[in-house]
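S.K.: One structure, as structure tokens, below. Some questions next.
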Amino acid sequence: MTTSRGVNDETTRRRVLIVGGVAGGASCAARLRRLDETAEIVVFDRGPYVSFANCGLPYYVGDVIVDERELLVASPELFRERFAIEVHTDTEVTAIDRDARTIAVRDVRSGATRRERYDALVLAPGAAPIRPPLPGVDLPGVFAVRTIPDTRRIRAWITEHEARSAVVVGGGFIGLEMVENLVRRGLAVTVLEKLPQVMPPLDPEMAAPVMQRLEASGVRLHMGDGLAAIESAANGSLVVAAESGARLDADLVILAIGVRPEIGLARDAGLAIGLRGGIVTDAQMRTCDPHVWAVGDAAEVRDVVMGQETVLPLAGPANRQGRVAADSIAGRTPRFRGVQATAVVGVLGMTIASTGASEKGLTRAGASNFAKVYLHPGHHAGYYPGAQPIHMKLLFSVPDGRILGAEAVGTEGVEKRIDVVAMAIQLGGTVHDLAEAELCYAPQFGAAKDPVNLAGMIAQNALSGDMPLADWTRVGAGGELVVDVREPHEFAAGHVPAAINMPLSRLRERWAELPRDREIWLTCGVGQRAYYATRFLAQHGYRARNLSGGFATYRALVAAGALP
Ligand code: FAD
């Protein structure tokens, strides 16, 4: 077609320029082409690649992905040939003139600059690793992980310097993925983390098993201490100086202390920046300028659980936002529903996943009308060999039972449970929906009462009053009697200090020994036998409560410093 309004007519073609050609930008470009064959779509990226797998980068360092080309999901040639999308790599966008509707671009290799006209502009510049302005952060051997060249340099450094040790600054998900891959490469790894826990989005007691796994794998954890400086040592290696004065030797240092939305272009162009530091967008990913959209790590979006704006550097939301922006540019009226922070990370054989709000997030936001339950079910039926525990925490609002969030840690089947809960949250579900969820079951995959069902049922019991909950942090504060209903040999192996032992198997003979004028708080290994005892005592007129999650949760709370 070559009519005056046809697809090849340069004078009438709408120019859509996209800044950033990876998750958000590339998905926006490809989607837009599927909706609009007539638009001229041009993508700019200041790096040498587009559409590369940032999420795979740590595994390239660890030699899990051995061929760098595997990280390239699509090339400029593929964009051109398959989608008629023009891609300019090594081309930085340096300014936006919103009145003239032009951008200034600079060829990174030649330094040449030019202007490009747009009808619609999409900002997908992502987020940059935070490099604190501290002495030594730019020394050779100090790396952040964002691009393929970054990981190429890390690999080369390990080989050329025969690196044997590393300090990873920051115990978030990129930090932990780097830990795993450096361990895989045979390096002795130390984590320096300002907080007392790894995986900051998790509640501390849920991060405790992860820290135990790291230490059991030989990773040294230096917690509750910040980075002060990095120095060169006489032997050519590095010394990481911590705020406490501690000094950690390393042959290389990875900085993984978080990312910051790349908002320079947007801010300089006068686009609105939100309180969370991202580019303000509406439900169609449009900025305050009707000709400019923003997607991905740089955009501020709504957290649908917390009901507030947030920035969430994850690939799934970036891809979906790119799609929404494309729909909007194509004249449709899409609606980005917001985010709920569903995430998963694997480290040293352990899977850590979460969705929705954490307890600390809810507390920080001033919420009080919520409750939590803990459980530690096997990932499949116990009678089938190989069942592994999943440590789960479910947060829900009271009294309506709306699901607010879930966290889970284990070795098998973790992410599947969190994905189910994530979908329930998305649909506005309650704990009753989880209790009733009809999920796959065969013995090697799950249980007739799946961990997701169990979480819902336990929460249901708490809401209905069948199993009132006791607060672990109030043990010893109020005159209650803590009764551990495990067998004596289990009790002897470790128990809550305040507890007396009355095994469930003897409860029907001995219950009259329990005082009637005190609340009875029941505990066991994981909360199940304590639940049976709670029901028994409640039916005999006692004010009985369950310490959710039993001794397993108690130990995690102690390890996290939440209990003495
Ligand atoms: P990016 O994918 O970062 O793309 C932005 C691009 O814009 C970059 O290529 C940049 O060079 C370019 N750019 C910036 N400014 C300009 C400019 N002025 N001119 C031209 N180009 C510019 N998320 C998950 O959900 N799961 C994971 O397992 C996961 N693992 C990760 C591991 C690592 C090591 C990293 C770094 C990230 C990981 N992420 C993960 C996060 C995920 O990669 C990001 O959320 C996602 O890529 C964001 O997409 P984006 O399009 O906003 O930005």
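For every residue, the table says whether it meets (1) surrounded by 14 or more Cβ atoms within 10 Å (Cβ to Cβ); (2) part of a loop (DSSP other than H, G, I, E, B).
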position	(1), (2)
PRO443	yes, yes
ALA459	yes, no
MET467	yes, yes
VAL483	yes, no
LEU507	yes, no
ARG510	no, no
ARG516	no, yes
ALA530	yes, no
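S.K.: For residues that are in a strand (DSSP E or B) and open to solvent by less than 30 Å² (accessible area, probe 1.4 Å), scanning just the range 307-345, find the one that is farthest from the ligand (Cβ to nearest atom).
M.R.: The first filter runs over the range 307-345 and keeps only residues in a strand (DSSP E or B), leaving 308-310, 339, 343-345.
From what's left, open to solvent by less than 30 Å² (accessible area, probe 1.4 Å): 310, 339, 345.
Values: THR310: 13, VAL339: 11, VAL345: 7 Å.
Ranking the qualifying residues of the range 307-345, first place goes to THR310.
S.K.: Filter the range 421-437 down to the residues that are of a type in the set (A, V, I, L, M, F, W, C), without any contact (Cβ under 8 Å) to a residue 40 or more places away in the chain, touching a strand residue (DSSP E or B) at 6+ places or on another chain (Cβ under 7 Å) and open to solvent by 10 Å² or more (accessible area, probe 1.4 Å) and list them by number. I'd like the intermediate steps shown before the answer.
M.R.: Step one: list which residues in the range 421-437 are of a type in the set (A, V, I, L, M, F, W, C), which gives 421-425, 427, 431, 434-435, 437.
In the following step, the residues that additionally are without any contact (Cβ under 8 Å) to a residue 40 or more places away in the chain were identified as 423-424, 427, 431, 435, 437.
Next, only the ones that are touching a strand residue (DSSP E or B) at 6+ places or on another chain (Cβ under 7 Å) stay: 424, 431.
Correct list: ALA424 only.
S.K.: Another question about this same structure. In the range 368-384, is there at least one residue being over 14 Å from the mean Cα position of the chain (by Cα) and within 16 Å of the ligand (Cβ to nearest atom)? Explain how you work it out, then say what you get.
M.R.: Residues of the range 368-384 over 14 Å from the mean Cα position of the chain (by Cα): 368-384.
When the remaining residues are screened for being within 16 Å of the ligand (Cβ to nearest atom), the result is none.
No: zero hits.
S.K.: Could you say whether any residue in the range 391-399 is within 27 Å of PRO204 (Cβ to Cβ), surrounded by fewer than 22 Cβ atoms within 10 Å (Cβ to Cβ) and of a type in the set (A, V, I, L, M)?
M.R.: Yes, the range 391-399 contains at least one residue that is within 27 Å of PRO204 (Cβ to Cβ), surrounded by fewer than 22 Cβ atoms within 10 Å (Cβ to Cβ) and of a type in the set (A, V, I, L, M).
S.K.: For GLU68, which of the numbered conditions (1) away from the ligand (no atom under 12 Å from the Cβ); (2) touching a residue at least 40 places away in the same chain (Cβ under 8 Å); (3) in contact with a strand residue (DSSP E or B) (Cβ under 8 Å, 6 or more places away or on another chain) fails to hold?
M.R.: (3)
S.K.: So in the range 199-233, with the set limited to residues that are part of a loop (DSSP other than H, G, I, E, B) and under 23 Å from TRP157 (Cα atoms), which one is least open to solvent (accessible area, probe 1.4 Å)?
M.R.: Filtering the range 199-233 for residues part of a loop (DSSP other than H, G, I, E, B) gives 199-203, 217-219, 224-226, 233.
When the remaining residues are screened for being under 23 Å from TRP157 (Cα atoms), the result is 218-219, 233.
Working: GLY218: 61, VAL219: 6, ALA233: 28 Å².
Here the residue is VAL219.
S.K.: Among the residues of the range 127-169, what is the count of those that are charged (D, E, K, R) and either open to solvent by less than 60 Å² (accessible area, probe 1.4 Å) or within 18 Å of PRO58 (Cβ to Cβ) (or both)?
M.R.: So in the range 127-169, the residues charged (D, E, K, R) come out as 131, 138, 146, 150, 152-153, 155, 160, 162, 164.
Filter again for either open to solvent by less than 60 Å² (accessible area, probe 1.4 Å) or within 18 Å of PRO58 (Cβ to Cβ) (or both), leaving 146, 150, 152-153, 155.
Qualifying residue count, the range 127-169: 5.
S.K.: Does the range 42-88 hold any residues that are open to solvent by 30 Å² or more (accessible area, probe 1.4 Å) and under 17 Å from VAL122 (Cα atoms), and which are they?
M.R.: Result: ARG46, GLU86, HIS88.
S.K.: Residues in the range 16-39 that are open to solvent by 30 Å² or more (accessible area, probe 1.4 Å) and in contact with a strand residue (DSSP E or B) (Cβ under 6 Å, 6 or more places away or on another chain): how many?
M.R.: Within the range 16-39, residues that are open to solvent by 30 Å² or more (accessible area, probe 1.4 Å) and in contact with a strand residue (DSSP E or B) (Cβ under 6 Å, 6 or more places away or on another chain) number 0.
S.K.: So, in the range 95-126, how many residues would count as being surrounded by fewer than 22 Cβ atoms within 10 Å (Cβ to Cβ), in contact (Cβ under 8 Å) with a residue 60 or more places away in the chain and within 12 Å of the ligand (Cβ to nearest atom)?
M.R.: Residues in the range 95-126 being surrounded by fewer than 22 Cβ atoms within 10 Å (Cβ to Cβ), in contact (Cβ under 8 Å) with a residue 60 or more places away in the chain and within 12 Å of the ligand (Cβ to nearest atom): 3 in total.
S.K.: Any residue that is farther than 30 Å from THR333 by Cα, away from the ligand (no atom under 11 Å from the Cβ) and in contact with a helix residue (DSSP H, G or I) (Cβ under 8 Å, 6 or more places away or on another chain) - is there at least one of those in the range 47-62?
M.R.: yes
S.K.: Those residues that are of a type in the set (Val, Ile, Thr), touching a strand residue (DSSP E or B) at 6+ places or on another chain (Cβ under 6 Å) and either within 11 Å of the ligand (Cβ to nearest atom) or assigned to a helix (DSSP H, G or I) (or both), I need them from the range 346-367; list them, please.
M.R.: Once the filter is applied, which keeps residues that are of a type in the set (Val, Ile, Thr), touching a strand residue (DSSP E or B) at 6+ places or on another chain (Cβ under 6 Å) and either within 11 Å of the ligand (Cβ to nearest atom) or assigned to a helix (DSSP H, G or I) (or both), the range 346-367 yields nothing.
S.K.: Quick one: is ILE418 touching a residue at least 40 places away in the same chain (Cβ under 8 Å), among the β-branched types (Val, Ile, Thr), part of a helix (DSSP H, G or I) and open to solvent by 10 Å² or more (accessible area, probe 1.4 Å)? Walk me through how you get there before you give the answer.
M.R.: Values: touching a residue at least 40 places away in the same chain (Cβ under 8 Å): yes; among the β-branched types (Val, Ile, Thr): yes; part of a helix (DSSP H, G or I): yes; open to solvent by 10 Å² or more (accessible area, probe 1.4 Å): no.
Spelling it out, it is not the case that ILE418 is touching a residue at least 40 places away in the same chain (Cβ under 8 Å), among the β-branched types (Val, Ile, Thr), part of a helix (DSSP H, G or I) and open to solvent by 10 Å² or more (accessible area, probe 1.4 Å).
S.K.: Give, as residue ranges, the strands (runs of 3 or more DSSP E) completely inside the range 41-114 that count at least 3 residues that are modelled with pLDDT under 95, on the phi < 0 side of the Ramachandran plot and not small (Gly, Ala, Ser).
M.R.: Values: elements: 86-88, 91-97, 102-107.
In the range 41-114, there are no strands (runs of 3 or more DSSP E) which contain 3 or more residues that are modelled with pLDDT under 95, on the phi < 0 side of the Ramachandran plot and not small (Gly, Ala, Ser).
S.K.: Further question on the same structure: Could you give every pair whose Cβ atoms fall below 9 Å, whose first residue belongs to the range 244-272 and is more than 28 Å from ALA228 (Cβ to Cβ), and whose second residue is basic (Lys, Arg) and open to solvent by 30 Å² or more (accessible area, probe 1.4 Å), counting only separations of at least 6 or pairs across chains?
M.R.: Cβ pairs passing all conditions: ALA269/ARG98; GLY270/ARG98; LEU271/ARG98.
S.K.: Given the options LEU252, LEU271, LEU214, name the one that is under 25 Å from LEU57 (Cβ atoms), of a type outside the set (S, T, N, Q) and over 21 Å from the mean Cα position of the chain (by Cα). Outline the logic, then answer.
M.R.: On the way: LEU271 fails: under 25 Å from LEU57 (Cβ atoms); LEU214 fails: over 21 Å from the mean Cα position of the chain (by Cα).
From the options LEU252, LEU271, LEU214, the qualifying one is LEU252.
S.K.: Further question on the same structure: Quick one: would you say VAL137 is more than 10 Å from the ligand (Cβ to nearest atom), among the β-branched types (Val, Ile, Thr) and assigned to a strand (DSSP E or B)? Working first, answer last.
M.R.: On the way: more than 10 Å from the ligand (Cβ to nearest atom): yes; among the β-branched types (Val, Ile, Thr): yes; assigned to a strand (DSSP E or B): no.
Answer is no for this residue.
S.K.: Pick from the range 400-415 the residues that are farther than 21 Å from GLN528 by Cα and among the β-branched types (Val, Ile, Thr): which of them is most open to solvent (accessible area, probe 1.4 Å)?
M.R.: Among those residues, the one meeting the criterion is THR411.
The values are calculated or read from the model by the stated rules, or taken from the named source; none is laboratory data. Only a predicted model underlies this, so the values are computations on that prediction, with no experimental measurement involved. Heads up, the Cβs are rebuilt from the backbone with ideal geometry, glycines too, and the neighbour counts pull from every protein chain shown. Note: areas computed on protein heavy atoms with side chains; ligands, DNA, RNA excluded. Shrake-Rupley method; radii C 1.70, N 1.55, O 1.52, S 1.80 Å.
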